[in-house]
1. For a Förster distance of 45 Å, can you work out the FRET efficiency between the beta-carbons of residue 312 and residue 204, rounded to the nearest 0.05?
2. So how strong a dipole does the range 210-405 carry about its Cα centre when Lys and Arg Cβ are +1 and Asp and Glu Cβ are -1, to the nearest 20 debye?
3. Would you mind calculating the gained length between residue 104 and residue 252 on full extension (0.36 nm times residue separation, minus the Cα-Cα distance), in nm to one decimal?
4. Would you give the gap between the C-alpha center of the range 99-145 and the C-alpha center of the range 333-411, rounded to a whole Å?
5. Using a 10 Å cut-off on Cβ atoms, rank the peptides 26-33, 265-272 from the highest mean neighbour count down.
6. Before rounding to the nearest 500, sum -39500 (n - 2.57) across all DSSP H runs of length at least 4 in the chain and divide by the residue total; then give [θ] at 222 nm in deg cm²/dmol.
7. Pairs of lysine in the chain with Cα under 21 Å and at least 8 positions apart or on different chains: total?
8. Testing the spin-label approximation: label points 7 Å from Cα along Cα→Cβ at residue 230 and residue 183. State their distance in nm.
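Just so it is clear, none of the values below were taken in a lab; they were calculated from the coordinates. Keep in mind the model is a prediction, meaning the values are calculated, not measured. Note: ideal-geometry Cβ built from the backbone for every residue, glycine included; neighbour counts use all protein chains shown.
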Amino acid sequence: MASNHIAQGLRLLKSPNVNRLFVAYLVTYTGTAMAPIAMAFGVLELTGSAADAAFVIAAPTAAAIVVLLLGGVIADRTSRQRVIVLAELTAMAAQCTIAWLFLSGNATVPLLTLGMLVNGMAMALHAPAAMGMITQLVPKAELQSTNALLGIARNSAFAGGAALGGVLVATLGAGFTLLIDGLSFGLSALLILSLRPVAQEKTEPQSVLQDLRLGWREFTRHTWLWAMVLQFSLIVAAGEAVFGLLGPAVSRNHMGGATDWGFIASAHGIGTLLGGLIGMQLRPRHPMYVATFCVLFFALVPLALAVPLTVALVAIAAVITGLTGQIFGVFWYTTLQQKVPANMLSRVAAYDHLGSIALAPLGIVIFGMLYETLGHRSTLLIAAALVIVPTLLVLTVRDVRQMTLDYESDNIEQTSSPTKDAP
C-alpha cells in the first residue's frame, strides 16, 4: 500500500522550525500581496495617473533584479537566517516609512518610488537566503513535504492578502494598510529569529566577483537548471502579463468585469492549495519530467480567455493551472535543494530568480502594446505559445527526462552545532 505522504507532511507542522517558518510565510506574503493594491490606489488618489502607479509598483522588481546576485553571495558567505531577518526588518522600515508619507500628507511619486526600491532590495536579499535555509531546517527526506507546505502558505497568503488589501484600502485607506503591511514584516522577522537551523556549510569567501563566477559555474553545470530557467524567463513574462494585465482587461471588456476576474483569481488560489497536497503525495521516478509536463497546463488560462469561454470554464482552467503550477514548484525547489551543493545554494537560487523574472517587466509592456494593436485573441494566443513552445523544447533535454531524486535520505547535510547561525 502506498504511503500517505500527505498525512506525514502535515505532521511536519508539529515541528517548531517548520511551524514557525510556515506562519512566517503566511505573514510576510500576506503583506507582500497587500502592498501593490495599497500602492496602486494610494498613488491613483494622489496623482490620478495610472502611469505613476505602474512606475511605483514596478520599482521593487527593478531593484530586485539589480541586487539578487549580491544577495545570493551574502547569504552563502554569512548566515542565511540573519540575512532573512535583516531583509524583513528592512522591508518593515520601508513600508512603515511609505505609510507615514501617506498618512502625513507628504507622499510624492519620487519618495514612494524610493521606498519601493528599498523594499525590492529587501526582497532580493530574502529569496536566495530562504531557498538555502530550508535545507538547514529539515532532513532531505522531508524537503518535498516542507516545500509543499511552504508553497501552500505562500499561495494562500497571496490570495488572502490581495483580498484583505482591497478591504483594508476601502475601509482604512492606503496609509493604514501599508502600516499593517510593514508591521507584518516585523512579526515575520521575530518568527525567523526563533528558528534553530543546523550550522550553515560555507567555503572560504573570495572576492564577490569570484564568488559570483563560482555560482555561475555551478548554475551552468546543470543542463536541466539553466534550460528550465531560460524556459521560465519567457513563461513568467507571459504569465505576469496574463494575470496582471490581459486577464483583467478581457474580463472588463468581454466578460463581467472585476467580479468575474476575482472569481477566476480565487479559483487559481484553490488550485494551488490542491496542488500543494498532491505535491506532498507524489514520488515520481523522474520529477523534472513530470514537473515540466505540468507546465504545459499553464497555457489553459490564456487559451480560455482568448475565446473567451464562460467565467466558469475559465475558472476551471485557473484551478488546473494553479494545481499544476504548485506541483511544479514543489519538485523544482526540492530538486534544486538536492542537486546543488549546500554552500552554493543561495548563489544558484539567485541566478534562478534573476533569470526567471528578468523579462517580466518588459513582457507586461510588450503584451500591453500587442493588446492595443492585435486585439485580445491574438495577444493571448501568443502568450499561450510562449508557454507551450519552450516547454516542448525543454522536454527534449535528456537531463530533464532522466533525472532522479533521493526521497528516502534522513540526513540534513550541513553539520556542526544546531545553534551556530542563530543571530
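1. Numbers: r = 59 Å, r/R0 = 1.31.
After rounding to 0.05, the efficiency reads 0.15.
2. Working: 11 positive and 7 negative charges, 113 e Å.
It comes to approximately 540 debye.
3. On the way: separation 148, 0.36 × 148 = 53.28 nm, distance 3.46 nm.
Gain on extension, residue 104 to residue 252, equals 49.8 nm.
4. One Cα centre to the other: 21 Å.
5. On the way: 26-33: 24.2, 265-272: 21.1.
Ranking, from highest mean packing down: 26-33, 265-272.
6. Working: 18 runs with 330 residues, N = 423.
Using -39500 (n - 2.57) per qualifying helix, the result is -26500 deg cm²/dmol.
7. Values: 14/140; 140/202; 140/339; 140/420; 202/339; 202/420.
Lysine pairs, 8 or more places apart or on different chains, close enough: 6.
8. Computed distance between label sites residue 230 and residue 183 equals 4.9 nm.
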